[in-house]
Structure formats: structure tokens, C-alpha cells
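Here's the structure, in C-alpha cells; my notes come after.
Nothing in this text is a laboratory measurement; each read-out follows from the coordinates by a stated rule. Computed from a predicted structure; not experimentally measured. Here Cβ is always computed from backbone atoms with ideal geometry, including for glycine, and neighbour counts include all displayed protein chains.
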Number of protein chains: 2
Amino acid sequence: MRRSKLFIKTLKEAPTDEVAKNAQLLIRAGYIHKEMAGVYVYTTLGLRVLEKIKQIIREEMDAAGGNEVMMTVLQPRELWEKTDRWDDRKVDNWFKSKLVSGSEVGIGLTHEEPIVDMMASYVSSYKDLPISIYQIQSKFRNEKRAKSGLLRGREFVMKDMYTLAKNQAEHDEIYEKIAAAYHRVYERLGIGDITFRVKADGGIFTSRYSDEFQMISSIGEDTLFHVPDTDIYINEEVASSLAPEHIQPADRIAMTEQHTPGVKGVGKLAEMLGVPIERTVKTMLYRLDDKLTAVAVRGDYDVNEIKLRLATGVKKIELADEVSIREATGAEVGYAGLINLPDEVDIIIDDSVEPLVNFELGANRTDYHNINVNWDVDLARPEKFYDIKQAKLGDIHPETGKVYEVVRGVEVGNIFPLETKYTDALGVYYSDQSGKKQSIIMGCYGIGVSRVMGVLAEDFSDDKGLIWDKSIAPYSVYLVSIGEKGSEVADRLYTELTQAGIEVLYDDRDERPGKKFADAELMGIPYRLTVSDRGVEAGEYELVDRKSGETKNLTAEQLIDTLKISVNS
Amino acid sequence: MRRSKLFIKTLKEAPTDEVAKNAQLLIRAGYIHKEMAGVYVYTTLGLRVLEKIKQIIREEMDAAGGNEVMMTVLQPRELWEKTDRWDDRKVDNWFKSKLVSGSEVGIGLTHEEPIVDMMASYVSSYKDLPISIYQIQSKFRNEKRAKSGLLRGREFVMKDMYTLAKNQAEHDEIYEKIAAAYHRVYERLGIGDITFRVKADGGIFTSRYSDEFQMISSIGEDTLFHVPDTDIYINEEVASSLAPEHIQPADRIAMTEQHTPGVKGVGKLAEMLGVPIERTVKTMLYRLDDKLTAVAVRGDYDVNEIKLRLATGVKKIELADEVSIREATGAEVGYAGLINLPDEVDIIIDDSVEPLVNFELGANRTDYHNINVNWDVDLARPEKFYDIKQAKLGDIHPETGKVYEVVRGVEVGNIFPLETKYTDALGVYYSDQSGKKQSIIMGCYGIGVSRVMGVLAEDFSDDKGLIWDKSIAPYSVYLVSIGEKGSEVADRLYTELTQAGIEVLYDDRDERPGKKFADAELMGIPYRLTVSDRGVEAGEYELVDRKSGETKNLTAEQLIDTLKISVNS
């Protein structure tokens, strides 16, 4: 493509209201244009990157047995009412509209429901399963704020795959196959070595974990717990953890009640009582599926409600209201402990509390805390301790005994077991070999295509602009002509390179060399090739690698060979 | 692709509420799935056809200098208010929604406004023009009824190109270049010999014509006037026409007024008065840009309001209200004539009225008509007669003198001069070489991609199902295996054909041959290849051409050679 035929100009400034670095860079370099907050046009350059990412994903999804389809943006309300995902109180980020007739329609936010509903036409027997279907399309979320550029837009491009399997074993096999395909996608995008499968929450309707694919990055939004020298990465939201050992006192001391009026915060309390914070205990009253429950963790930890849900198997977790707390503890909020709670209050205690000797505990009496509390002496040791704490730096991975490394990651994909939630709700079943009706096990597998583009733009850039990987750069070579003879030879080289299958953006404009060089760098094209009058005389052309800065002076023949190899490697 | 891996099944019945033949066929054959009226999912088969059509269009638009972009579905209200295309009273088929903040957004119906608005970032100088930009995307129209399947959906895929030029000459050149690209698109879709450029209305903001591309078809929705032995096709809405000559009486007779109480319709009136209908005159009172005007055509014609607008250059045409008619004619509605109208009433007379002798005319008196009216005797001959009649069968093309042939056509594309309507309204100009601000001339160029798919499905089909052209069929070959040995050889052939670059849909299911054959025909795959036990023994395989029904028995070697040639021809 000749710059003179490309309508794009690089811009000095991104819109002043654009705060996301990825969007600022992509706007300035001419890849996207801001239509509204979180809503971007993809120009010819941006669309080329987006399509290359799509194509890599498409090829890997096809190789994994996927059937590509195009679902509809317009969605009938009735369908989503069947799964209780229509009401704004249940799903608060629908864009909704109305037909002329007055019937409400939704603007495609996700597509589990229509995919499953459509399957009623195609699935009846065990012979029809398993099925893998995917779509690569724009989706819409009515986000309150949209300040992250392509990382979280109101209109964005997603690849979503959905699989339907006859049983759990079949599902698990497909799930792993698609996880492997995801790894190949990240390899091909040039981020295979820094992208990992991360165990994460599976959501409230399953006891299974989901898996995220996180790229390790300083721009990461998520905290990941990594077991050193392994591929084990766990999202902090579900990271199992063992508190590192602390030396406990050798001798038990008799429990006493201490007057602690108005002391706020576990730190101040520990200080006042002269107890190390690692020997304090935090007791919180919750309602777990409506049952009042005291939940205790060591004072320097917080309760992780996702781990609490997974450990107990409950569906609904909420903090108890003040009246219930007062009734159960006989004290104001802030003094709950574990001793003398009414029998009807369940108790869940984190394993960080188990080894403690002479520890502190709320006294269930306003303005009082107990110190020197001991298991078996002052309160019964529970049959079981749980791991319900929010993991933190220094914690140990229980299965390997290794101390976690804590890193930042940015999500570039996720895969989810949906079990039979949607298939059952929409009444889509299959008949097994004996003719018996069976539930269908479903999985879903997302990659935010535009998000990935934003992540790569933001993470792979420097002060001069973007730095695309060769696999997704809109063009491989930015050809700069300088001078009259330079232009003549550049014209010829442009044709030769293009015929050799190399994608060239040829800056044939009548502009200063400095301006052309700056555009090449801002646009992040992997190679810049300069053909100047002087170069023509010497029979050598300058090839600069955008990423490494390496410069080579090559003859025309060497050039084409070098580029053919580099671009395809 | 193996049928066993494809989730699609052919269906016995389309949904009972689906009335469009194209949708019925495509649903039964497994290409689309109905989500709502006018809203269809494209399955793997349907998407392959759609993508092939897109790719042909994309290649031709690129060759014509187009820059592909992806515009946004979500559209800010403010932008569309600038061109007065937001208000439901102005544009009645928007889908609208709201951001959480309450701001209204539109769901992309068309994209002239955002394209032009975006150009403010990229166009300032004459050096930046001309520009050709296009998009291939889903668009949304809130149609009252949506009963035409893919021919007119609520959600549909369009290719829209927009060009911006410095002046009319530059615009005209680009316009013709794109028209030529359109012809190449239709050639490649296999309908080049039956698709023609048709002159059509350019809309109210221009005196220029637009051009439609119409495929001649019995399913056509439009009536086209064709000048035999030429490429001249004109949409009936703008067809210029000369009424065929009728013999007029030799002698003029004196005008008389006839009592015609309660006679309804020009046919009955002619009969009652004993005057041939071709010597009656219909006078209608209009307001042309608010000016009261009597418009007359010969009684067997109707007024064509588009031609009336183009002939007079007015912007607004509406029938006069009854009060105005009574005031101007002194009579009830139904008795308007041309004699004795007040001076302030303008008169526009169609050229079909010019040659009449002893003709009939409303008397401008309730219950009376005049007969034996004559030019110069009873009323003054106007300085100019117009061509404002609705053309009909038998009419003559004025420029060539040939009698029109009237055919049915279905629109498969259109191109439009937009002049400076949008660029001026959105304040996007360029500076010419002398630094002077100049208006930008715009054109737009549409092809309904999903509509074209529907048209081809509906027109190219028989009682057994679809018949795709090779250029857009989802697969070139439907491979049917019969028997155990047949399956073994078919497995091998499938691999060989696929490796030879031939797209094969391999029916490897354990089904009756008759069912497989029926699916091959319903799906409309160009070639059906059968590999049976018997064929394996004879070393010959049956290849059937879906369109011609021609059957060949070929060896494996002949087969691959034949298919390679056929598929690429």
C-alpha cells in the first residue's frame, strides 16, 4: 500500500479525553479513531492488525474442530428471560432497544442463550455430539465508565467458542484440547513465553474453577500467585495458601479479658494489647445461604469470599446485618469472637488460626477483647480448619510447600466450564444410546480480540511509538524513499517486495525524511527500509529493525532474501 | 470438512412463520437459522458463502483503490442531529438505546455521518484527496415488517464505500471506476450477463440520477424499462417516456360541458362520455414547494412524482388539500380541469396531452366535464410540455425512438452521488492550492452482501434445493461414501482432494445413500462425488454436476484433474 493512497495521517495528539495509553498510541499512530468513550473505529491499519489476530485465532479454533458461525446482534427478550439474564437487576450492562411493534430487543452482549437455543434444531441424538461452535464478532456492554481504551470497551470484538458434550469426560477432553489451542494462539501472537494458564473462579453456579490466560505484564490488572519453577499460576481470587510459620510461645498463659474501648483496626488493637498481629484473630459474621456463620482468620489476613464459597459449597454469601450480629454476640459490631456463640451459629475457621498459642480474640462483649486464648483450653478445636484467607506475599503454596512468587498479569483469554446451566434452562437435551434423555455439558472459551490488540499495543511500545510483532503488524516493511533517484528505485523495490509476498507500506509522499522515519516508528512497523539517493549510488539500502534497533546495509538481492526469511520466521 | 464434525443438519421444514422462499430454502439446507423476523444466524455453511461474497467484493474494492475500515455500531446522537437524521420523524427506522448515563445512542443504520466526521482528523489539504473508504459490516434497520428473508432484514450485512473528491470531474472519474468494479463483482458472482446498471432516482437533495445494479429475474421487485439492443436500463421511477402515437380526429368539434354526476374513475367517465380513454385528461392539484400547481397527464397515465420533481427542480411535492382545490377550481374534488384556473395556479402538462384533438377535461364545476376541448381554441397551448408521466408498457424511449421492453429486476447494488450534502453539513472542507476553503464532493456505493446471498439462493434453485455458483459455494464437492470399501477409499480421496486445494464437504456419516444425495442437492454443492463399493471395484467414481445434472464416471486421477480445472474455471 502506498501512503499516498492510504487516507490515514499520524496525529500529534490523541483526543484530550482519552486517558488509556493503548488508545492514545493507537489513535496517534492512525490505527483507531474514537467515536465515543469505549467505542472505536478501526482504520485500514487497525483493521489489518485486528484481522491478523482474528485469523490466527480462527485457524487454531478450526484446527481444534471448531465450526465458525455468525450470531445476531439483535436478541429477543423472551429467550433471555428463560435463563433470568434479561432483567436489568440481574444483568446491568445490556444495551436494549425496541422493535416498531414495541417488543424489546437486546443488543448482543454475549451469546450462550442463542447458541443453545439454536442447538434445538440440530441436536437430538448422542450421534450429534460433541459440537464445537465459535464466533468472532462485535459485542456490546453498557459500561458505566469506559476509560481503558481497547482493554474494556462498550463495543469490542470477541472470539467466543461454545462446546457441547455428552458427559463430563468428553467435556474435559475438549476443554483441554481448546486450552492447548489457546497456547498455540499466544505462541503465534509472539507472547507464548509470557502467557500462562491461570486457575480462577468458575462463578457461582459451579464448584469447578475456570482458567484464565494471563500475560505477565507491568500493565497487569490482576495479581497472580506463581509457584516458582512450575507452570502453576493462580489468580489471587482463588489462590490456596498456607501462612508461613511463626514461632509460637512455648507456654500457655491463662486467658484474660481486656478493656479495649474504641480501638479501631487490628493493627492498633495488637499494639495496645502487646500481642503480635500474627497472634490476633479476626471474626466476621456472615450469612452463608442465609445461615448465620462466624468466619475467623488470623488478624493479618482478610476473608476471601470466593474461597469461602468454594470451601463451603454455598451459593450466597453476605455479611450479617448489625441486628443479627448484636443478637448473636451480645455485643456491638467489632467485638465478635468465637467463645460462647449461640449453638445455632456455625463456625468456619481459617487454618492460619490453627497453630496459634496465646492468641487474641473478640470477647463477644462490647469494648472487650480476650488475650491468651488457647485451643482445647478456652475453646474447642474444630474438627476441620479451612483455607478461606486472601493469599498474600510470603504465603506458601500448600501442595508444593513453595513460597509463592507474586506477579501482575493482564487477561488475554479465559475458558469456563458452564456445566448444564444453559442447556438445562433452555431445555436442550440429547437421547443416549438407550433412548434416555440426558443433559448436555457445556463449556465456553473467550478471547477478547480487540482487548488483545490493546494489550499488545500498550505493552509493546516505547517513547517513539508502537512495536508490533511480525505476526500481526499491518505491514512488515515501512519503505521510505528519499530523493529523486531514491524514489525511482523505491518504486521498483516496492513492486518487487510486494510480488515476493512481503507486505510493504510505501511512504511515497513528498515529505521530509525525518517525518517519514517518525511515522515508521510511531506506527511500529517491524522493518524500516530506506532508499535514498546516496544509497542508490552505493547500491545499498538501510534496513532497521524496529524492536532491536539493529541496522543493516544490504544490496537489493540480500534485502529480499533477508526480508523473506525474517518475515516468515 | 467432514459432515460428522459439522453441527448442521438439513431440516424437513422451515419455521412455519417464514414466508420468504430464500429464507425457507436456506434454513432447510442449514445455511441460516432464524433468530427473529428479519434477523438470521449464519451457520458454518452460510458464513462460508457470505465470506466468499465479501471477499470478491473486497478484492474489487481494493483494486479500485478502497481503504477498508470498520465503523462502529454504536452511534452518538449528537452527530446525527447535525444532519437532521436523528429525529424519528425524519428517519423512522433507527434502533435506539441509551448509555447508563442516559445519553441516547443509535444502532448503526448507515455510516455517512461518522465517516465524514472522522475525515476531519485526516483531511485538510487538497493533497489528502481523493479518498475511497469502505466497510463490510452488519447494519440495522427497524423495519415494520420483515418478511423477505435475507432480501430485506432488520440486521443485514452491507458493503458501503464512500468517496471524497476535490471537484466534480474527480468525483465523476471515481464514480465510473467504481461502477466498473461493480460489474467485475457481478461477473465473479456468476451473474455478470444478467446484471445491468440502471438509471434511478438520486433522491431529493440532488438533481443527479443514482445508479442501481439490477439482476434481471422473475423474482424481481422492480420494474425496469430496457431499450432493446442496448445496455440502457431505467428504473420505472425515472423512465423517460413518449406515449405511442394515436390517430386523432381530423376535425375539431366545439367544446361542450357534460353533466357527469357521481362518475368515479377515468375508465367509467370515458365510457359514459363516449371518448376513448387516450383522449381524456387527468388534472391533479399539487403543491410544488408550496406553490399550487395543476398537473395534467393523459387519462391512461399517472403522474410520476419523482419525474415531476426532477422536471421542475422543486424539493417538496404534495397533493393539494381539499380546501385549496375547492377554492382554486370552484368545484368539489374530482372535477379539476385546465380552463379558467386562477392566475396564481401554475400549470404543468405532460407531453402525452400535446397531440390530443377533441379531448376531455374536468370542467372546474362540480358534476361536470368538458368534451371536445382543443388547444388554441378552448385553452392556450403552454410554452412547454413536460415528461412527468409514469412510463408503461408500449411507451417509447424518447432518445432512441425505440419501444421499451419491460423487465423485472432485483437490486443487487447501488451507487449514489451525495454531492456536498454531508461534508458541508458536518463542516469538513479542504484547502485548495491557493489556500482557499473548498467543499468536498462525496459519493456512496452500496452492495447488500446478505441480500445478494438471498437473491442468489432464491433465483438459483430448483425443487431439490439450492444451486450455488462455484465462486461462492461453501464447498466445491460433496463427497458421498457408500459401503465399507467405499468409505475407505473416500477417506483417502478426501485427503487427496483437500491437499489439491479443492474444498470438500465429506458426508462420512452412517446414513442411507438417498439421504446423502438429497442433502447434497438441497445444499446446492456444485459437484457430488460418489464413492461406492461397486465404484471401488470398477475403479471409477461418479461425479454429478448439480446445475446441469451431467454425470461422469472417472478414475481417481481423472477426477482430481477434472475438479482442479472445473473449480478454478
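If you take the charge dipole of chain B about its Cα centre, with +1 on Lys and Arg Cβ and -1 on Asp and Glu Cβ, which of B:A169, B:F196, B:P114 is farthest toward its positive end?
Comparing the listed Cα positions along the dipole, B:P114 ranks first.
Quick one: order B:H111, B:H183, B:H171 by neighbouring beta-carbon count within 10 Å, fewest to most. Don't skip to the answer; put the middle values down first.
Values: B:H111 24, B:H183 16, B:H171 21.
The most exposed by this proxy come first: B:H183, B:H171, B:H111.
A:G30: net charge of surrounding residues, Cβ under 11 Å, Lys/Arg +1, Asp/Glu -1, itself excluded? Can you show the working numbers first?
On the way: positive: A:R3, A:K9, A:R28; negative: A:D519.
So the environment of A:G30 carries a net charge of +2.
For the range A:16-174, what is the per residue volume of the convex hull drawn over the alpha-carbon atoms, in cubic angstrom? Walk me through the numbers before you get to the answer.
Working: hull volume 24.0 nm³, N = 159.
Hull volume over Cα atoms, normalised by residue count, gives 151 Å³.
If you plug each phi of the range B:397-404 into the Karplus form 6.51 cos²θ - 1.76 cosθ + 1.60 with θ = phi - 60°, what whole-Hz ³J(HN,Hα) values come out, in order, with x for Gly and Pro?
Once rounded to whole Hz, the list reads 6, x, 5, 9, x, 8, 6, 4.
What net charge do the residues around B:M272 carry, taking every other residue with its C-beta under 15 Å from that of B:M272, with Lys and Arg at +1 and Asp and Glu at -1? Mind dumping the intermediate values first?
Numbers: positive: B:K264, B:K268, B:R279; negative: B:E257, B:E271, B:E360, B:D367.
Summing Lys and Arg as +1 and Asp and Glu as -1 gives -1.
Can you list residues from other chains, or at least 5 along the same chain, whose modelled amide H is less than 5 Å from the amide H of A:N142?
A:W94, A:F95
Quick one: helix A:449-459 against the long Cα principal axis of chain A, what's the angle to the nearest 10°, folded into 0 to 90?
Roughly 90 degrees between the two axes.
Using the alpha carbons of the range A:278-407, what is the convex hull volume per residue in cubic angstrom, as a whole number?
Numbers: hull volume 15.4 nm³, N = 130.
For the range A:278-407, the hull spanned by Cα atoms encloses 118 Å³ per residue.
So which lysines can A:K485 reach, going by Cα to Cα under 18 Å and dropping same-chain residues fewer than 8 places off?
Output for A:K485: A:K516.
Please report, in debye to the nearest 20, how large the charge dipole of the range A:475-568 is about its Cα centre when each Lys and Arg carries +1 at its beta carbon and each Asp and Glu carries -1 there. Show your work: numbers first, answer last.
Numbers: 12 positive and 19 negative charges, 58 e Å.
Once rounded to the nearest 20, the dipole reads 280 debye.
Quick one: net charge of A:R3's neighbours, Cβ under 9 Å, K/R +1, D/E -1? Write out the running numbers ahead of the final one.
On the way: positive: A:R2, A:K5, A:R509, A:K516; negative: A:D507, A:D508, A:E511, A:D519.
Every neighbour counted, the sum reads 0.
Return an integer: the convex hull volume of the alpha-carbon atoms of the range A:482-569, in Å³ per residue.
On the way: hull volume 7.8 nm³, N = 88.
Hull volume normalised by residue count: 89 Å³.
Among the listed pairs A:K9/A:K34; B:K159/B:K547; A:K384/A:K421, give every one whose C-alpha distance is greater than 23 Å. Mind showing how you got there, number by number?
Values: A:K9/A:K34 15 Å; B:K159/B:K547 29 Å; A:K384/A:K421 31 Å.
In this structure, B:K159/B:K547; A:K384/A:K421 lie more than 23 Å apart at Cα.
Over all alpha-carbon pairs of the range B:171-264, lay out the pair-distance distribution in 5 Å bins, whole %, shortest bin first.
Result, from short to long distances: 3, 10, 14, 16, 15, 9, 6, 6, 8, 5, 3, 4, 1 percent.
At a Förster radius of 25 Å, what calculated FRET efficiency corresponds to the Cβ-Cβ distance of A:T551 and A:E503, to the nearest 0.05?
Numbers: r = 21 Å, r/R0 = 0.85.
The calculated FRET efficiency here is 0.75.
May I ask you to evaluate 6.51 cos²θ - 1.76 cosθ + 1.60, the Karplus curve with θ = phi - 60°, for each residue of the range B:429-442 and list the ³J(HN,Hα) values in order in whole Hz, giving x for glycine and proline?
Per residue, the Karplus-derived 3J(HN,Hα) values read 10, 10, 9, 7, 4, 8, x, 7, 5, 10, 6, 10, 8, 10 Hz.
About its Cα centre, what dipole magnitude does the protein assembly as shown give when the only charges are +1 on Lys and Arg Cβ and -1 on Asp and Glu Cβ, stated in debye to the nearest 20?
Values: 146 positive and 192 negative charges, 10 e Å.
It works out to roughly 40 debye.
FRET efficiency for B:E13 and A:D289, Cβ-Cβ distance as r, R0 = 41 Å, nearest 0.05?
Working: r = 46 Å, r/R0 = 1.13.
Efficiency, rounded to the nearest 0.05: 0.35.
Cα to Cα, under 14 Å, and not fewer than 8 places away if on the same chain: which aspartates and glutamates meet these conditions relative to B:K282?
Hits, sequence-local ones excluded: B:D300, B:D302, B:D350, B:D351, B:E354, B:E360.
Seen from all sides and averaged, what is the projected area of the convex hull of the Cα atoms in chain A, in nm²?
On the way: hull surface 137.2 nm².
Answer in nm², one decimal: 34.3.
Would you kindly derive the ³J(HN,Hα) couplings of the range B:501-512 from the backbone phi angles with the Karplus curve 6.51 cos²θ - 1.76 cosθ + 1.60 (θ = phi - 60°), listing them in order in whole Hz, with x for Gly and Pro?
Working through the residues one at a time gives x, 9, 7, 10, 9, 9, 7, 9, 6, 7, 10, 4 Hz.
Assuming 0.36 nm per residue, please report the length gained on full extension of the stretch B:D321 to B:D343 beyond their Cα-Cα distance.
Details: separation 22, 0.36 × 22 = 7.92 nm, distance 1.86 nm.
Stretched fully, the B:D321-B:D343 segment lengthens by 6.1 nm.
Please compute the average number of Cβ atoms from other chains found within 10 Å of each residue's Cβ in peptide A:97-103. Write out the running numbers ahead of the final one.
On the way: counts 10, 4, 9, 8, 4, 0, 1.
Mean shielding by partner chains, rounded to a whole number: 5.
Could you state the principal axis extents of the C-alpha atoms in the range B:236-328, from the largest down, to the nearest angstrom?
40, 33, 22
Enumerate the aspartates and glutamates that A:K552 could reach by cross-link, defined here as Cα to Cα under 12 Å, with residues fewer than 8 away along the same chain left out.
Answer for A:K552, where 12 Å is the Cα cut-off: A:E540, A:E542, listed by chain and number.
Using a simple spin-label model with points 7 Å from Cα along the Cα→Cβ vector, what separation in nm is obtained for B:E173 and A:E59?
In this crude label model, B:E173 to A:E59 measures out at 4.0 nm.
Mind giving me the nanometre distance, one decimal, between the label points for B:R252 and A:I194, set 7 Å out from Cα along Cα→Cβ?
9.5
Would you compute, from DSSP H runs of 4+ residues alone, the mean residue ellipticity of chain A at 222 nm, taking -39500 (n - 2.57) per run and dividing by the full residue count, rounded to the nearest 500? Mind dumping the intermediate values first?
Numbers: 14 runs with 148 residues, N = 569.
About -8000 deg cm²/dmol.
May I ask for the equivalent-ellipsoid semi-axes of the protein assembly as shown, computed as the square root of five times each C-alpha gyration tensor eigenvalue and listed largest first in whole Å?
On the way: eigenvalues 884, 282, 240 Å².
One finds semi-axes of 66, 38, 35 Å for the protein assembly as shown.
Quick check: Cα centre of the range A:474-523 to Cα centre of the range B:408-463, how many Å?
32
Run the simple label-point estimate for A:M272 and A:R381 please: 7 Å along Cα→C-beta, distance reported in nm.
Spacing of the two 7 Å Cα→Cβ label points: 3.2 nm.
Report the calculated FRET efficiency for B:I219 and B:D469 (r = Cβ-Cβ distance, R0 = 22 Å), to the nearest 0.05. The partial results should precede the final answer.
Numbers: r = 16 Å, r/R0 = 0.75.
Plugging the Cβ-Cβ distance into 1/(1 + (r/R0)^6) gives 0.85.
Past 32 Å, Cα to Cα: identify those pairs from A:K21/A:K389; B:K147/B:K291; A:K90/B:K96, in the order given.
Values: A:K21/A:K389 34 Å; B:K147/B:K291 40 Å; A:K90/B:K96 22 Å.
In this structure, A:K21/A:K389; B:K147/B:K291 lie more than 32 Å apart at Cα.
Give the distance, in whole Å, between the Cα centre of the range B:177-223 and the Cα centre of the range A:291-320.
68
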